[in-house]
Amino acid sequence: MTKSPLARCTVRAMTESDWPAVQAGFMHSFVTHRPPQVWAWRYQWHQPHQAGWRGWISQAPDGTVAAFFGATVHRCWIQGQEQPLLIARDNYSHPLWRHHSGASRQGLFVSTEQAFHAAGAQEALLCMGIGLDRRARLSTLLNVCTPYHKGHWWRQSLPTPSPQEHGYAIQVLPTQFAEPTWNTLWAQYRQGLRISLVRDREFLAWRFDDRQGQPYWRFALWSITSAAPVGFVVLTPTEPGRAILVDLVLPQAPQAVRDAWLQITRWLRDRGISHLDTFIGQACPAHPWLPLLGFTPVAPPLPVQPVYRCYTPLDFDNDYPFTLADSDLY
């Protein structure tokens with residue numbers, strides 16, 4: 001009896017030697033070309049392997065990667081301690097194997113994803129990300145992951161900038177997240193969080209480096225009364241006239257928030273940006289500010305869905321301050 005295509009493929013953990021085959025499969029599966037230096041930065045090849053990335057593949061007999069599921073490893077803050085978490089990054093099924101991979105409950109992609117999570121449960125607290133609707137629906141149906149319901153997409157139509165009429169309580173400056181004082185901000189910010197990805201200097205400098213393959217507009221929020229930043233805002237341009245708010249930490253004082261946002265919206269309008277989109281979870285401390293800053297809820301601008309997989313009992317929906325920085329989308 002002839003073996004099925006699934007039986008002829010090997011599902012296993014990746015090794016570093018598999019990266020060329022994974023990258024070749026990616027180029028067959030997407031129209032996006034990704035230079036080697038972007039792969040290296042996104043998957044933290046500059047860091048020790050045990051703290052950098054995890055990946056599982058389904059490999060065909062000829063060496064082709066038929067399906068891939070990859071993630072990067074980071075630190076999670078939970079109840080005063082740090083534990084590993086995973087951010088789901090790229091995943092795909094090769095076009096030559098797609099009819100065996102993506103649409104079936106017993107397909108190669110599902111088997112690869114299930115094996116990835118079975119291994120992840122041995123070393124991490126949770127895995128999260130934002131994936132394509134069709135992938136997320138299938139994974140949810142098979143109880144591989146859980147859809148995240150406590151977040152929403154928002155949009156702001158930026159007002160025409162008005163002349164500056166007064167001084168600001170907050171100074172908004174470009175940043176590369178290189179200063180050690182970002183660790184001070186994280187130490188303060190985490191006090192109001194139950195669970196969070198650790199947003200210290202090391203993470204911010206890596207996550208919002210242009211070597212991710214995405215151009216970022218990074219702003220530090222400074223107060224004259226503080227020796228450390230009181231917040232930050234990170235955006236990325238998309239199509240002409242539009243940008244995405246990827247991540248933010250805002251100060252606690254209402255006037256400081258308003259002053260900071262006035263400066264940022266003026267900067268954006270001066271560069272032709274008229275609409276700003278974002279996705280933020282309800283547990284994010286900045287979430288209540290969105291309607292006050294002029295954001296309104298909208299349908300997802302892309303066919304995607306946020307999902308997560310907890311490897312230990314957690315109230316992710318109500319406790320995790322999800323933003324787009326907790327995903328691979330931007």
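Tabulated values for the structure
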item: Accessible area (Å², per residue) of the chain, counting only protein heavy atoms and a probe of 1.4 Å; result: 46
item: Where labels lie 7 Å past Cα in the beta-carbon direction, separation of residue 134 and residue 12 in nm; result: 3.0
item: Average Cα contact separation per residue, the chain, under 8 Å, 6 or more apart, as relative contact order %; result: 21
item: Residues of segment 203-232 with amide N under 12 Å of a point placed 7 Å along Cα→Cβ from residue 37; result: 210-213
item: Stretchable slack from residue 83 to residue 24, in nm (0.36 nm times residue separation minus alpha-carbon distance); result: 17.9 nm
item: Lys, Arg +1 and Asp, Glu -1 on Cβ, resulting dipole of the chain about Cα centre, debye, nearest 20; result: 600
item: Computed [θ] at 222 nm, helices only, for the chain once each DSSP H run of length n ≥ 4 contributes -39500 (n - 2.57); result: -7500 deg cm²/dmol
item: Among beta bridges that DSSP assigns inside segment 83-232, antiparallel share in %, nearest 5; result: 80
item: Cα coordinate range in the chain, projected on the principal axes (Å, largest first); result: 81, 42, 35
item: Carbon/sulfur fraction of accessible area - the chain, other protein chains in place, 1.4 Å, %; result: 54
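The values are calculated or read from the model by the stated rules, or taken from the named source; none is laboratory data. Predicted, not measured: the structure shown is a model, and the values here were computed from it. For neighbour counting, all protein chains shown are included, and Cβ atoms are generated from backbone atoms with ideal geometry for every residue, glycine included. Note: accessible area is taken over every heavy atom of the protein model, side chains too, but ligands, DNA and RNA are not part of it. Shrake-Rupley method; radii C 1.70, N 1.55, O 1.52, S 1.80 Å.
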